[in-house]
Amino acid sequence: MKVTAVLLAAGQGTRMKSDLPKMLHPICGRPMLSHSLAAAIQASDETPVVVVGHEAGQVREAISGDAQFVVQDPQLGTGHAVLQAESHLKGKTDYVLVTYGDMPLLQPSTLKRLVETQKSNRGPMSMLTVVADDPRGFGRVMRKADGTVAAIVEEYVATPGQLNIKELNVGAYCFRADWLWEALHRIQVSPKGEYYLTDTAELAVKDGLPIQAAVCDDIAETIGINTRVDLADAETIMRSRINRAHMLNGVTILNPEATYIEADVEIGRDTVILPNTTIQGKSVIGGRNTIGPNSTICDSRIGNDCTVFMSVAEGATLEDHVSIGPFARLRKGAHLANRVHMGNFGEVKDSYLAEGVKMGHFSYIGNATIGANTNIGAGTITCNFDGVNKNPTEIGEDVFIGSDSMLVAPIKIGDRAKTGAGAVVTKDVPADMLAVGVPARAIKKLEKKAESKK
């Protein structure tokens with residue numbers, strides 16, 4: 001029996017007071033709609049249908065190709081929104097799971113339980129409910145003596161007695177598909193000129209058909225995002241879930257409340273995350289690392305046994321046994337090979353530092369390739385930009401760059417060469433040569449170190 005999800009994501013979200021469509025506001029690094037969509041995919045069998053309206057093109061573009069889209073125009077209520085999926089799904093699925101795009105905390109297991117409730121129901125629909133003291137504007141669920149649903153009473157029309165009911169309509173449903181398409185055409189227009197999906201419950205009761213309800217055990221799952229306050233609440237809950245999952249997988253997070261890890265991050269076992277650390281995007285971190293405190297990692301790859309201390313890595317790669325910080329910055333394209341050490345107040349951009357390179361402090365390396373075991377002295381700058389173009393710097397293996405050296409690119413420095421402190425190097429330096437001065441001149445041939453006998 002096929003189950004297809006329909007997500008309602010057409011609303012404007014005026015209470016967000018934002019130029020960004022509500023469905024695209026991020027929660028832990030993903031648009032809220034992406035979280036809702038991921039849960040719906042796991043609870044269904046077929047490609048979901050997302051009903052869009054406000055800024056439909058922008059929403060469609062932002063969400064990956066895991067859904068088919070239909071446009072609701074004009075937007076005439078939730079019943080009308082689901083009706084837009086009829087042409088895509090009629091005769092192609094057995095059950096229709098309906099949920100909202102602005103409910104990103106609903107778990108796949110909860111939606112699966114709703115689907116199973118409907119599969120065992122002889123009636124045409126089942127709904128998700130929650131028992132709570134704070135109704136948050138949700139409709140009240142009235143039950144019959146046999147436990148089936150008698151009615152959904154919206155808050156604005158409820159009597160004082162009905163307002164005391166604690167069971168609330170969450171807004172997620174599973175319908176028998178053939179009955180749904182017929183029932184949607186029977187919904188009467190409201191005084192506001194809209195067609196409400198909740199009216200299907202009244203139709204089922206009038207038809208003498210039972211409506212079952214699956215009660216959600218965790219009220220946090222049922223939070224709908226209408227304001228920035230709701231958004232912050234959802235972010236806190238989602239972040240707690242993410243941190244808990246990493247800890248259960250063997251990651252130590254010293255202070256989860258002060259650690260911000262986005263949804264697509266991967267972290268290996270025995271890595272320690274210290275407080276005030278943010279890990280974003282599609283970062284992949286291996287095992288036995290220490291990250292933080294006060295560090296930001298974004299779209300970067302970190303190997304094993306590394307230390308990132310009070311530093312920033314954006315679009316960077318660190319291999320194994322790398323240490324950086326404090327106050328180091330790796331920009332896009334920075335690649336630090338095994339056992340590289342980068343100290344305080346250094347910056348690397350679009351450069352490769354080979355195994356064993358040491359860059360102690362106060363240096364900038366851009367558009368450069370640096371050979372193994374080279375030492376970059378304090379205050380070294382690769383002068384890579386001439387006002388028009390970014391130019392490359394090539395430094396060989398076992399090179400010693402003296403403190404405060406200016407390497408004016410494009411330039412090459414050969415293996416085992418040295419520059420004196422304060423040198424402004426404007427011409428290539430051959431291998432095994434010492435260059436000093438302003439501008440630097442090669443003044444001395446250096447003796448090669450004798451290779452140790454094996």
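Quick grid of which residues meet (1) surrounded by 18 or more Cβ atoms within 10 Å (Cβ to Cβ); (2) farther than 30 Å from CYS298 by Cβ:
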position: GLN162; (1), (2): no, yes
position: LYS166; (1), (2): no, yes
position: ILE211; (1), (2): yes, yes
position: VAL229; (1), (2): no, no
position: ALA258; (1), (2): no, no
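The number of residues in the stretch 27-62 being within 29 Å of CYS298 (Cα to Cα), open to solvent by 10 Å² or more (accessible area, probe 1.4 Å) and β-branched (Val, Ile, Thr) comes to 1. Of all residues in the stretch 163-193, which are of a type in the set (A, V, I, L, M) and either part of a helix (DSSP H, G or I) or touching a Leu at 6+ places or on another chain (Cβ under 6 Å) (or both)? Correct list: LEU163, VAL170, ALA172, ALA177, LEU180, ALA183, LEU184. Where strands (runs of 3 or more DSSP E) fall entirely within the stretch 381-454, those with at least 3 residues that are among the aliphatic types (A, V, I, L, M), under 41 Å from the mean Cα position of the chain (by Cα) and under 24 Å from ALA334 (Cα atoms) are at 406-408. Of the residues making up the stretch 355-365, those that are surrounded by fewer than 20 Cβ atoms within 10 Å (Cβ to Cβ) and either among the small types (Gly, Ala, Ser) or touching a residue at least 60 places away in the same chain (Cβ under 8 Å) (or both) are GLY356, GLY360.
One residue alone among ALA421, ALA368, ALA440, ALA431 is surrounded by 18 or more Cβ atoms within 10 Å (Cβ to Cβ), modelled with pLDDT of 95 or more and in contact with a strand residue (DSSP E or B) (Cβ under 9 Å, 6 or more places away or on another chain), and that residue is ALA368.
Within the stretch 319-363, if we keep just the residues that are over 22 Å from GLY292 (Cβ atoms), part of a strand (DSSP E or B) and of a type in the set (D, E, K, R), the residue that is nearest to the chain's Cα centre (by Cα) turns out to be LYS349.
Only residues that are touching a Ser or Thr at 6+ places or on another chain (Cβ under 9 Å), hydrophobic (A, V, I, L, M, F, W, C) and open to solvent by 60 Å² or more (accessible area, probe 1.4 Å) were counted across the stretch 231-253, and they come to 0.
Could you tell me whether any residue of the stretch 90-108 is under 21 Å from MET1 (Cα atoms), open to solvent by less than 10 Å² (accessible area, probe 1.4 Å) and in a helix (DSSP H, G or I)? No; the residues of the stretch 90-108 include none that is under 21 Å from MET1 (Cα atoms), open to solvent by less than 10 Å² (accessible area, probe 1.4 Å) and in a helix (DSSP H, G or I).
Condition check for HIS185 on (1) open to solvent by less than 70 Å² (accessible area, probe 1.4 Å); (2) farther than 30 Å from GLY287 by Cβ: one failure, at (1). Exactly one residue among VAL153, VAL141, VAL149, VAL170 is at pLDDT below 95, β-branched (Val, Ile, Thr) and in contact with a strand residue (DSSP E or B) (Cβ under 7 Å, 6 or more places away or on another chain), and that residue is VAL153. Tallying residues that are in contact with a Pro (Cβ under 8 Å, 6 or more places away or on another chain) and crowded, with 22+ Cβ neighbours inside 10 Å within the stretch 109-135 yields 0. Put simply, of ALA150, ALA213 the only residue that is over 29 Å from ALA234 (Cα atoms), in contact with a helix residue (DSSP H, G or I) (Cβ under 8 Å, 6 or more places away or on another chain) and not β-branched (Val, Ile, Thr) is ALA150. Tallying residues that are among the charged types (D, E, K, R), touching a Gly at 6+ places or on another chain (Cβ under 6 Å) and farther than 19 Å from GLU86 by Cβ within the stretch 179-213 yields 0.
Among the residues making up the stretch 268-280, a single one is within 14 Å of GLY29 (Cβ to Cβ), open to solvent by 20 Å² or more (accessible area, probe 1.4 Å) and either without any contact (Cβ under 8 Å) to a residue 60 or more places away in the chain or part of a helix (DSSP H, G or I) (or both): THR278.
Scanning the stretch 15-30 for residues that are of a type outside the set (S, T, N, Q) and either farther than 23 Å from LYS112 by Cβ or part of a helix (DSSP H, G or I) (or both) yields ARG15, MET16, LYS17, ASP19, LEU20, PRO21, LYS22, MET23, LEU24, HIS25, PRO26, GLY29.
The values are calculated or read from the model by the stated rules, or taken from the named source; none is laboratory data. The structure displayed is predicted, hence computed values, not measured ones. No Cβ is skipped: glycine too gets one built from the backbone with ideal geometry, and neighbour counts run over all protein chains shown. For accessibility, only protein heavy atoms count, side chains too; no ligands or nucleic acids. Shrake-Rupley method; radii C 1.70, N 1.55, O 1.52, S 1.80 Å.
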